[in-house]
Amino acid sequence: MKEIKPTGEYSHIHSRLPRVFLAGSIEMDKAEQWQQRILHDLLNILGIAYNPRRDQRNSSREQSLHNHNFVQQVHREEDHIILSDLILFYFDPHTKSPITIGEFNLVRGMKKNAVVLCPEGFWRKGNIDIACERSKDHIRQVHSYDDLIQYTESYCLSLLQQRYTQDTIEILEPNEIFVFGSNEEGKHYGGSAKKAHEDFGAERGIGSGPTGQCYAIPTMQHPQTERKEVIQSTEQTLSQSLRDFFVYTRSHPEKKFLLTKIGCGVSGWGIDYIKSLFWQCYDPAQDRNIIYPIEFEIYDI
């Protein structure tokens, strides 16, 4: 996971990567630095982890509305909670953790998804247990560190599968559209184009636009044959085809478009170029019905 520090920038704001907020005991000289252990054990999971623990903490500073830095810190932490998909709570038995208890109740009221580890010995464990039981529709209580990690991993992997186009698509729901890279002649002989034709109704002879349960975006003029080498579509054709695609998706908000890695196979455009064209058109506010490959993500993962 990519760690976002308390003073981190919001450059990830439009990313669809799973976001986890590390809520829990921070009391200096009392609480263990469990956040680093969590980050280490979730290192191979694609996602964003908001870590509110500062490298240097001034416990003597005034905690009031008159302290700009303090107010900014509290707002930032609550903003990160709002942005997160999953709030991870750890109540260290060696601490009182009043702020963590407050954040826990905030999350309960917001009905945010959370996972809670409250070991034996925490001074208000009974209250936390009862609260988890009453909010079990959106809060999962676990009883070991390993279970905490396992649940968080499983939750994040599930979100990745929902939010990004998978490499293999075998079945489409009635409202889903398979978006593939085609050739201008619409021959659909190989790769995703062949699958689009054989499984999802793409018509041969139509190299651009919707047919069946598909949408074709031409990335090359004709497919490779024994007599012909691949000739890419012009940059102008490719750019216009992408713009046409976005016009179509915005006029069909009831549909979900599963965009494959168009242009990144035999047509040879490459991920970076296609990704740049995609983000010239994509608007996070209105294009939520487009599911794109994780390789097209704008945030540095």
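The values are calculated or read from the model by the stated rules, or taken from the named source; none is laboratory data. Here the structure is a predicted model, which is why all the values come from computation and not from measurement. Methodologically, a virtual Cβ is constructed for each residue, glycine included, from the backbone with ideal geometry; neighbour enumeration extends over all protein chains shown.
Could you run through region 256-301 and say how many residues are among the β-branched types (V, I, T), farther than 18 Å from Y215 by Cα and more than 16 Å from the chain's Cα centre (by Cα)?
Filtering region 256-301 for residues among the β-branched types (V, I, T) gives 260, 262, 266, 271, 274, 290-291, 294, 298, 301.
Within this subset, residues satisfying the condition of being farther than 18 Å from Y215 by Cα are 266, 271, 294, 298, 301.
Of the ones still in play, those that are also more than 16 Å from the chain's Cα centre (by Cα) are 266, 271.
Count: 2.
Take the residues in region 154-188 that are surrounded by 11 or more Cβ atoms within 10 Å (Cβ to Cβ) and of a type in the set (V, I, T); name whichever of them is farthest from P284 (Cα to Cα).
Checked region 154-188; the qualifying residue farthest from P284 (Cα to Cα) is I169.
Quick one: which of E198, E170, E184, E176 is of a type in the set (D, E, K, R), within 20 Å of F245 (Cβ to Cβ) and more than 21 Å from the chain's Cα centre (by Cα)? Please lay out each step first, then the result.
Values: E198 fails: within 20 Å of F245 (Cβ to Cβ); E170 fails: within 20 Å of F245 (Cβ to Cβ); E176 fails: more than 21 Å from the chain's Cα centre (by Cα).
None of the others qualify; the one that does is E184.
Name the one entry in K125, K96, K111 that is under 24 Å from the mean Cα position of the chain (by Cα) and in the same structural domain as E32 (by TED's automatic domain parsing).
Details: K125 fails: under 24 Å from the mean Cα position of the chain (by Cα); K96 fails: under 24 Å from the mean Cα position of the chain (by Cα).
Answer to the check: K111.
Looking at (1) touching a strand residue (DSSP E or B) at 6+ places or on another chain (Cβ under 8 Å); (2) assigned by TED's automatic domain parsing to the domain that holds R16, which is the one condition that is false for G181?
Unmet condition: (2).
Checking the conditions here, which among I298, I291, I206 is closer than 21 Å to Q161 by Cα and either part of a loop (DSSP other than H, G, I, E, B) or out of contact with any Leu (no Cβ under 7 Å at 6 or more places or on another chain) (or both)? I'd like the intermediate steps shown before the answer.
Details: I291 fails: either part of a loop (DSSP other than H, G, I, E, B) or out of contact with any Leu (no Cβ under 7 Å at 6 or more places or on another chain) (or both); I206 fails: closer than 21 Å to Q161 by Cα.
None of the others qualify; the one that does is I298.
Does at least one position in region 118-141 carry a residue that is surrounded by 15 or more Cβ atoms within 10 Å (Cβ to Cβ) and in contact with a Leu (Cβ under 6 Å, 6 or more places away or on another chain)?
No - not one qualifying residue is present in region 118-141.
Restricting to region 71-85, name every residue that is acidic (D, E) and either touching a Phe, Trp or Tyr at 6+ places or on another chain (Cβ under 7 Å) or part of a helix (DSSP H, G or I) (or both). Before you say what the answer is, go through the steps one by one.
Kept after step one, since they are acidic (D, E), are these residues of region 71-85: 77-79, 85.
E77, E78, D79, listed by residue number.
What is the one condition in (1) part of a loop (DSSP other than H, G, I, E, B); (2) modelled with pLDDT of 95 or more that E226 does not satisfy?
(2)
Collect the residues in region 184-198 that are acidic (D, E) and either part of a strand (DSSP E or B) or in contact with a strand residue (DSSP E or B) (Cβ under 8 Å, 6 or more places away or on another chain) (or both), keeping them in residue-number order. Talk me through it step by step, then tell me what you get.
Step one: filter region 184-198 for residues acidic (D, E), giving 184-185, 198.
Listed by number, the residues that qualify are E184, E185.
Condition first: more than 22 Å from L277 (Cα to Cα) and either at pLDDT below 90 or not assigned by TED's automatic domain parsing to the domain that holds Y273 (or both). Can you find one or more residues in region 189-201 that meet it? Spell out how you get there, then give the answer.
Restricting attention to region 189-201, the residues satisfying the condition of being more than 22 Å from L277 (Cα to Cα) are 189-190, 194-201.
Going one step further and asking which of them are either at pLDDT below 90 or not assigned by TED's automatic domain parsing to the domain that holds Y273 (or both), we end up with 189-190.
Scanning region 189-201, I find at least one residue that is more than 22 Å from L277 (Cα to Cα) and either at pLDDT below 90 or not assigned by TED's automatic domain parsing to the domain that holds Y273 (or both), so the answer is yes.
Tell me, yes or no, whether region 271-278 has at least one residue that is surrounded by fewer than 20 Cβ atoms within 10 Å (Cβ to Cβ), in the same structural domain as H188 (by TED's automatic domain parsing), among the aromatic types (F, W, Y) and more than 22 Å from L46 (Cβ to Cβ).
yes
Mind checking which pairs have a first residue in region 152-169 that is under 21 Å from H14 (Cβ atoms) and a second that is among the aromatic types (F, W, Y) and part of a loop (DSSP other than H, G, I, E, B), Cβ under 6 Å, 6 or more apart or different chains?
Close Cβ pairs (under 6 Å, with a partner that is among the aromatic types (F, W, Y) and part of a loop (DSSP other than H, G, I, E, B)) do not exist here.
Of the residues in region 105-146, how many are over 16 Å from W34 (Cβ atoms), part of a helix (DSSP H, G or I) and of a type outside the set (A, V, I, L, M)?
Here the count works out to 10.
Only one of E27, E9, E62 is of a type in the set (D, E, K, R), modelled with pLDDT under 95, more than 26 Å from the chain's Cα centre (by Cα) and over 25 Å from S144 (Cβ atoms). Can you tell me which?
Details: E27 fails: over 25 Å from S144 (Cβ atoms); E9 fails: more than 26 Å from the chain's Cα centre (by Cα).
Result: E62 is the single residue among E27, E9, E62 that is of a type in the set (D, E, K, R), modelled with pLDDT under 95, more than 26 Å from the chain's Cα centre (by Cα) and over 25 Å from S144 (Cβ atoms).
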